[in-house]
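First up is the structure itself, then whatever we jot down about it.
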Amino acid sequence: MLRMTDIHITFNAGTATEVKALRGITTDINEGEFVTVIGSNGAGKSTLLSTVVGTVKPDTGSVYLDTDDVTDWSAAKRARHVGRVFQEPRLGTCSSLSIEENLALAAARGKNRGLRLALGKKGQKQMFAEHLEKLGLGLEHRMGTPIGALSGGQRQAVSLLMATLLPMKILVLDEHTAALDPSAAHKVLTLSAEIAQERKLTTLMVTHSMRDALAYGTRTLMMNAGQIVLDIKGEERSRLKVTDLLERFGRAAGTEIDDDQLMLT
Ligand SMILES: Nc1ncnc2c1ncn2[C@@H]1O[C@H](COP(=O)(O)OP(=O)(O)O)[C@@H](O)[C@H]1O
Ligand SMILES: [Mg+2]
């Protein structure tokens, strides 16, 4: 379980550019839950994800992974449990290295060298090929290709694989399909859902698309001005349409939603 209790984060405190990015975030996310996160620009979505990954420390409040209080754990220490895929395909992978080399880097991360030792180089390559085959993109036949030569969608698929290669628990996806064309985005979203389900990962996925927020996952959080203003799951969520979500957001946030900020489809 991922637990956050009363998290507050203020950037540039006490200066003219002070921003209260998170204002009292408390939530429990159960093992295997797939949570989609929506909210307008600046609502605090990425900051929330960064608190889970460990790249931003809360001013007050705590983060728990199962029974461990990980609030003071570095991002490197958390990386054994938490994998992240960024919006920009270039950020998660190394362009000049091949698919195989990128996967080898991911395998070597988090001090999990036992994997390589146990499998040997040939066994490791075989394991990568099996994982790549599951993506259904034919990348298992192109393991020597530099990542930079792949399309954005292929690259995000490899990033997903890298983030989830080692045993881990929490998958954090920050608008990871926003830079892709609709068909590649659909493919990567489907892969994300499949990997999360197969590995029983607890997943947090920020999306700009209201429709994707309802189509994927098991629970939806809506953020506004550093707070969670809606938390919907179960039967209530399954009945919800994009128009209902918009209406609920308007009520919760006390404002009309700006059409430019959230994709309505
Ligand atoms: N490192 C930072 N330094 C200063 N302000 C930041 C930093 N990161 C985020 N912010 C500010 O915090 C607020 C929330 O940002 P963010 O979490 O990125 O929102 P979202 O992902 O929902 O668009 C915004 O006003 C943003 O400008
Ligand atoms: Mg963001």
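Name every residue in segment 173-192 that is of a type in the set (A, V, I, L, M, F, W, C), surrounded by 23 or more Cβ atoms within 10 Å (Cβ to Cβ) and within 16 Å of ligand 2 (Cβ to nearest atom), in order of residue number.
Across segment 173-192, the qualifying residue is only Leu173.
Return the only residue of Arg84, Arg3, Arg23, Arg80 being basic (Lys, Arg) and within 13 Å of the chain's Cα centre (by Cα).
Exactly one of Arg84, Arg3, Arg23, Arg80 is basic (Lys, Arg) and within 13 Å of the chain's Cα centre (by Cα), namely Arg84.
Can you name every residue in segment 222-244 that is surrounded by fewer than 17 Cβ atoms within 10 Å (Cβ to Cβ) and in a helix (DSSP H, G or I)?
Within segment 222-244, Gly234, Glu235, Glu236, Ser238, Arg239, Thr243, Asp244 meet the criteria.
Only one of (1) under 23 Å from Leu189 (Cβ atoms); (2) within 16 Å of ligand 2 (Cβ to nearest atom) fails for Ile25. Which number is that?
(1)
Among the residues of segment 56-73, are any closer than 17 Å to Leu204 by Cβ and within 13 Å of ligand 2 (Cβ to nearest atom)?
Yes; the residues of segment 56-73 include at least one that is closer than 17 Å to Leu204 by Cβ and within 13 Å of ligand 2 (Cβ to nearest atom).
Considering only segment 122-178, state which residues are within 16 Å of the chain's Cα centre (by Cα) and within 13 Å of Glu100 (Cα to Cα).
Within segment 122-178, Arg155, Val158, Ser159, Leu161, Met162, Leu165 meet the criteria.
Of the residues that sit in segment 28-40 and are more than 16 Å from ligand 2 (Cβ to nearest atom) and part of a strand (DSSP E or B), which one is most open to solvent (accessible area, probe 1.4 Å)?
Per the criteria, the residue is Asp28.
Check Gly54, Gly32, Gly61 and return the single one that is touching an Asp or Glu at 6+ places or on another chain (Cβ under 7 Å) and either more than 8 Å from ligand 1 (Cβ to nearest atom) or on the phi < 0 side of the Ramachandran plot (or both).
Result: Gly61 is the single residue among Gly54, Gly32, Gly61 that is touching an Asp or Glu at 6+ places or on another chain (Cβ under 7 Å) and either more than 8 Å from ligand 1 (Cβ to nearest atom) or on the phi < 0 side of the Ramachandran plot (or both).
Identify, please: which residue in segment 141-160 is farther than 13 Å from Pro89 by Cβ and touching a residue at least 12 places away in the same chain (Cβ under 8 Å) and is, among those, surrounded by the fewest Cβ atoms within 10 Å (Cβ to Cβ)?
Gly144
Go through (1) away from ligand 1 (no atom under 16 Å from the Cβ); (2) touching a residue at least 12 places away in the same chain (Cβ under 8 Å) for Asp69 and report which single condition fails.
(2)
The values are calculated or read from the model by the stated rules, or taken from the named source; none is laboratory data. Quick caveat: nothing in here was measured; it's all calculated off a predicted structure. With ideal geometry, Cβ positions are generated from the backbone for all residues, glycine too; neighbour counts draw on all protein chains shown. The area values use the complete protein model at the heavy-atom level, side chains included, leaving out ligands, DNA and RNA. Shrake-Rupley method; radii C 1.70, N 1.55, O 1.52, S 1.80 Å.
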